[in-house]
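No lab work stands behind these numbers, since they all come straight from the coordinates. Please read these numbers as outputs of a predicted model, since none were measured by experiment. Backbone-built Cβ (ideal geometry, glycine too); neighbour counts: all protein chains shown.
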Number of protein chains: 4
Amino acid sequence: MNLDFTSDNATGASPEIMKAIVAANDGTAPAYGADEWSRRAEQALAQVFEREIAVFLVATGTAANALAISALVQPWGAALCHGFAHVAADECGAPEFFAGGAKLASVAGAAGKITPQTLADTLELMPRGIVKQAQPMALSLAQATECGSAYSLAEIAALSDMAHAAALGVHMDGARFANALVTLGCSPADMSWRAGVDVLSFGATKNGALACEAVIFFDPAKAEDFAYRRKRGGHTLSKGRLLGCQMLAYLEDGRWLRTAAHANLMAARLEAGLRGLAGVRLPWAREANEVFAIVPRAAHDRLQKEGARYHVWTPRALEREARPNAGEVFVRLISSFATQPAAIDRFVAVAGGG
Amino acid sequence: MNLDFTSDNATGASPEIMKAIVAANDGTAPAYGADEWSRRAEQALAQVFEREIAVFLVATGTAANALAISALVQPWGAALCHGFAHVAADECGAPEFFAGGAKLASVAGAAGKITPQTLADTLELMPRGIVKQAQPMALSLAQATECGSAYSLAEIAALSDMAHAAALGVHMDGARFANALVTLGCSPADMSWRAGVDVLSFGATKNGALACEAVIFFDPAKAEDFAYRRKRGGHTLSKGRLLGCQMLAYLEDGRWLRTAAHANLMAARLEAGLRGLAGVRLPWAREANEVFAIVPRAAHDRLQKEGARYHVWTPRALEREARPNAGEVFVRLISSFATQPAAIDRFVAVAGGG
Amino acid sequence: MNLDFTSDNATGASPEIMKAIVAANDGTAPAYGADEWSRRAEQALAQVFEREIAVFLVATGTAANALAISALVQPWGAALCHGFAHVAADECGAPEFFAGGAKLASVAGAAGKITPQTLADTLELMPRGIVKQAQPMALSLAQATECGSAYSLAEIAALSDMAHAAALGVHMDGARFANALVTLGCSPADMSWRAGVDVLSFGATKNGALACEAVIFFDPAKAEDFAYRRKRGGHTLSKGRLLGCQMLAYLEDGRWLRTAAHANLMAARLEAGLRGLAGVRLPWAREANEVFAIVPRAAHDRLQKEGARYHVWTPRALEREARPNAGEVFVRLISSFATQPAAIDRFVAVAGGG
Amino acid sequence: MNLDFTSDNATGASPEIMKAIVAANDGTAPAYGADEWSRRAEQALAQVFEREIAVFLVATGTAANALAISALVQPWGAALCHGFAHVAADECGAPEFFAGGAKLASVAGAAGKITPQTLADTLELMPRGIVKQAQPMALSLAQATECGSAYSLAEIAALSDMAHAAALGVHMDGARFANALVTLGCSPADMSWRAGVDVLSFGATKNGALACEAVIFFDPAKAEDFAYRRKRGGHTLSKGRLLGCQMLAYLEDGRWLRTAAHANLMAARLEAGLRGLAGVRLPWAREANEVFAIVPRAAHDRLQKEGARYHVWTPRALEREARPNAGEVFVRLISSFATQPAAIDRFVAVAGGG
């Protein structure tokens, strides 16, 4: 039984998306994104977000984030993001590279979430107009966060309002946008532009695509240079239909919501199962498809022996008092559209000593 | 009938490569290139090139070229390349971006080919050690070139020797490596490291892959930082097996040589057909899968009416005396692994007025 | 006798400017350009240019040019300049560095001057909106040029009009602005913004300052980010009065025009003297304080023996048919505010075999 | 009476250095640092540091630091520095710009000083070889620090050893090198390369020069590209003797040590005076020429009324429990080579209500 909970990108494409890739492969088509699939994908996204948008498809989340941030932040500026944020911790400096040497300024907050207070704290350190200091130009929020938490609509709106009041653009890293959306049960428009998001990295790869993300500008006028940025970054695929057809199939008939709902359901099942086990602690509530747990070392050993795969996580993500003791291990478990209930149950059983 | 000769990237993946993608899609696999397909692709490439190499798979040719050049050229350096080179003319400054603001220095030469004389001319303008000038650090050769010509082994070796003597690294843009290789009838090793190439952009996309190129270092020691460059450029695919499986299927049983041989054969058929038509001029010999022709405007009009697709090319690629007159049109025609003989014959017939 | 004609930067500051530096040195003053001298220098420049301007003082011409160009050109853009231009040939890629990897596109033209035709030729190669190509964003004109020639007001206006029509900003590299101005006999406003210049590198160093240049924006609104660019480039002097007091003294009572007039006069005397010598050819008319001459090798040898100092220049600056033969040497001779008539006369006498 | 304690760069050059500038100004000299003064300054520095070194003179501390860090850190790397460090907080991102988008990683520590423990904490977060993370490549220490504290030789050596063990180069920001040196009473060699420093920003501007800093490589082999970096940054002065003569006069007969000793003595006098006042708290010991004090608001008001100038400092530099209450103000006071004892005494008297 496949007990791989390392990441939602450990799985390939969903069967339907793979079918769409195969179907789109026939015949000739204009290159570099001028194909029919890409055009229709843009229309489908506009419909999903209930407004005119500018869309740029790319193959990786790092590209989407770094390019999006570079559109908001000048080289002498800074993007504010949580200290655990993927853009700050896991992209090898891609945002700084694409933004010409701009800074990422760290904002604190429990469970990977920025709060109005922590945002205010960081902004206070960066008064506008002090020439010797990098100027704050963007707020980058991850939805869901690196801790598997999700901002409520009110939280996003409050942070976006603060950002806009300080003349910052708002970027959302939506590598797991669908997972957060399903949890919130709202519309994509509600969770993005209606809550103040200016530019969205709309992820599909982790939720059933093979390699496809969209950078979405809710104000198309802000996107006029973006095609050059993408090309110059080497992110304009020549056989662009590969991206277009994935996004189309992803959105078709709400498929993306169903795959995310499944992944979340599996994570909830896992969370519930672990919660029932003696000696297991859950540091924060699951709000997407990631479960973080402090488990007894014995349970960890049993799981490893069983062939389960997952990441041991850094205790630094936890408040000092919540960190694992010598007999415990802090782990991250991610479910996907392909995770089977039986795998969850087996995982819990093994963890529980069964 | 499909008369699309715009580019070899107007076609999707070959059926066998698409099959490989579908097959590789099952189950879970380590992300970011740590998968089995990528590992085996590296081994297959090492076998093809008959030596230990360092391999980095990416999804676009622009990424391959820009990253490769950035590994050879410091920000205060220059890469020398033909004035028509894709890296200089068609990548929106990607090499300059990845190389931190380095320059591309233009080298002249007929039919898209640098010669020892034109290389010497450019090098003479860039004496080493003059602090106010960008320092020459790399020679970038396209094989095949943007004009569809190919360097002979002796030509590559002569240019590489000159480059090495001047302390330049040698990069080969092999977006159409296979097409040139088939024409030369030599081994991949002969056309690359044995002729002095240090870093190769080994293209697969134009020759049957969907989105896959390899940056190959023939001296793996020179590649130690490259994984950071690739990640930081956003070019490390999370579901990396997508790249690995394409490259594997591309190389399997010499498939890549067969698809290139077919594309070249179709181009040769087209060249021969056009050569037989009154009023058609061929400015230089076809040596890969691209045919450049100056055709009567009437022929062009008939082809357009028939639905044929191809690019009208800039007369500046031609010596002044060879440029089209008012009654002529200069066109570029590219065949691919999927081009049908019947399409060639129809194209020629229509061009000929038939 | 000092026969140093290597460059106008081989001389120190003029006595009056040195006096001003000494005078400004007393007491304490706000740092980073907030001092009284800098403020008054800005006012003096506004008066000289007869309009509201934004001024940024820096210590080097390379900084002025690179920063100015970076304000006009996005990273995916290109600045068009003459192939011999200082910004392209003598600044080790500084403009590309400050402009985030943008390109410099070479424009041809005799005697270092771009013409409407050569500008049109280059612009034709760079149609706007082709995503794979760097976008033309600025025209950079040197006044005087690297060949010691000067554009007429009509020429500047014609080129600026073409540039603006193509949506390019116009930068003027005025390292020798004063020398060209004296030759043209017009007002600083006429030779800059009235002729269409948007951003000017206003040089003082070569004409009597010690280390002082001003970047001047004729539309102050375009300069709002420039203080960050300058700081981030390390070009904001802490004891900023050093720059302010130089510029003030430079402009005071038209001192800058007198020093330039003297330098030009000396160059004219040298030109006249050389023109009278057998075997000396002057490839183009002197229009500032630089004289280019093809002299008999024997004359060169005599001058070297006499201790004269000057640069042997590259024959590539000459049309092929005008290049020196084996018995000739192509030399560049620059006069300054400090050049003595007796030195000119002695140089000519030695060159003439006297 | 001049009660300006804003910064040591509020003062001009010392009279002797100004005299040297005037003297060096006569006659012609080779440009771009090839002059005699620069050569002799390099020799003088080699003597001061008791070894062969590579020296590069520049006009600003930001340039010195940013260029030095760029020589140690690749674009995908990080320089570790204290969170209050000038390079991180006061240079508008210059190090990130010159290092091609590299990161600065913040290290904690009281009174502006990194400790072995805080360095270990930061290094632990940055394990080598994790491709998604910026790689630690340099440690940048300020001596003296932004808080006016100084590392002991043992502290520098301990931190350098840790840095080298982790394969990091060690940079020292010595904008106030002389002030720290005088406090420690050791040799320049002891406080730099003998304690493990690889590259030093050797400041002169704050201690009596007008605009002069040296980047010093203790291993000249590491400096081979640095001339290009400096030129490309626009930091190679054409009339380079301006820099050379300042550095020469600065070092001559130990002048730099005397001016620093005076500045320190004045700061000590100020510290002693303030310590004697009721209601004044000194958060940490003075170890250079900066005094930080928490003073009663009434004292602050009296000083302002008297025309005293100094910076109100951010309470964030203090541990939470040490921060000023509503009736207090946290101030920074800097003395220089030109500060008069009478000014100190007057300041203290006014602060004390006299």
- Message: Give me, ordered by chain and number, the residues 5 or more places off B:V107 or on other chains with an amide H under 5 Å from its own placed amide H.
- Response: B:C81, B:H82, B:G83
- Message: With equal scatterers on the alpha carbons only and no solvent term, can you work out the Debye log10 of I(q)/I(0) for chain B at 0.10, 0.12 1/Å?
- Response: -0.61, -0.86
- List the distances, in nm and shortest first, from the label point of D:E321 to the matching label points in every other copy, placing each point 7 Å from Cα along the Cα-to-Cβ direction. 1.8, 9.0, 9.1
- Message: Just to verify a number: FRET efficiency for D:V312 and D:D161, C-beta to C-beta distance, R0 = 45 Å, to 0.05?
- Response: 0.75
- Too long for a 19 Å Cα-Cα cut-off, among B:K103/D:K239; B:K222/C:K132; A:K132/C:K239; A:K113/D:K103, are B:K103/D:K239; B:K222/C:K132; A:K113/D:K103
- Query: Hey, which residue of C has the C-beta nearest the axis mapping C onto B, and what's the distance in Å?
  - Reply: C:G101, 2
- Message: Sort D:H171, B:H164 by Cβ crowding within 10 Å, fewest neighbours at the top.
- Response: B:H164, D:H171
- Counting as exposed only GluC sites (Glu not before Pro) in DSSP loop states with no more than 14 other Cβ atoms inside 10 Å, the longest exposed-site-free span of chain D is D:53-223
- at D:R51 the sorted inter-copy label distances (label 7 Å from Cα on Cβ side), in nanometres, are 3.9, 5.7, 6.1
- Stokes-Einstein diffusion coefficient of region A:256-351, Kirkwood radius over Cα pairs, 20 °C, 1.002 mPa s, in µm²/s: 159
- Task: Among D:F347, D:F292, D:L277, pick out the residue whose Cα is farthest towards the positive end of the charge dipole of region D:257-351, where Lys and Arg carry +1 and Asp and Glu carry -1 on C-beta, about the Cα centre.
- Result: D:F347
- Item | Theoretical ellipticity at 222 nm over chain B - DSSP helices of four or more residues, -39500 (n - 2.57) apiece, nearest 500 | -11000 deg cm²/dmol
- Message: Once each part is reduced to its C-alpha centroid, what is the distance from region A:151-219 to region B:11-74 in angstrom?
- Response: 32
- Two-decimal ratio, region B:168-227, of alpha-carbon radius of gyration to 2.2 N^0.38 Å: 1.14
- HN-Hα J couplings of region D:333-339 from phi, Karplus 6.51/-1.76/1.60, θ = phi - 60°, integer Hz, Gly and Pro as x? 10, 10, 9, 9, 4, 9, 5
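Against the 2.2 N^0.38 Å scaling, with N counting residues, where does the protein assembly as shown land? I'd like the Cα-based Rg ratio to two decimal places. Intermediate values should be presented prior to the final figure.
Values: Rg = 33.3 Å, N = 1416, 2.2 N^0.38 = 34.7 Å.
So the protein assembly as shown has a normalised radius of gyration of 0.96.
At a 10 angstrom cut-off on C-beta neighbours, averaged per residue, how do the peptides C:340-347, B:214-221 rank from highest to lowest?
Taking the mean over residues of other Cβ atoms within 10 Å, the ranking is B:214-221, C:340-347.
Work out how much length B:T115 to B:A349 would gain on full extension: take 0.36 nm times their residue separation and subtract the Cα-Cα distance, in nm to one decimal.
Values: separation 234, 0.36 × 234 = 84.24 nm, distance 3.70 nm.
The B:T115-B:A349 span can extend by a further 80.5 nm.
Rounded to the nearest 0.05, what FRET efficiency do A:E319 and B:D253 have when you use their Cβ-Cβ distance and R0 = 60 Å?
0.55
Other chains' Cβ within 10 Å of C:85-95 residues: what's the mean?
The shielding value for this peptide is 6.
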- Message: I need the inter-copy label distances for A:L257: point set 7 Å along Cα to C-beta, values in nm with one decimal, smallest first.
- Response: 5.4, 7.5, 7.8
- Over all directions, average the projected area of the Cα convex hull of region A:128-230 and note it in nm². 7.9
- For the B:E50, B:A108 Cβ pair and Förster radius 25 Å, calculated FRET efficiency rounded to 0.05 is 0.15
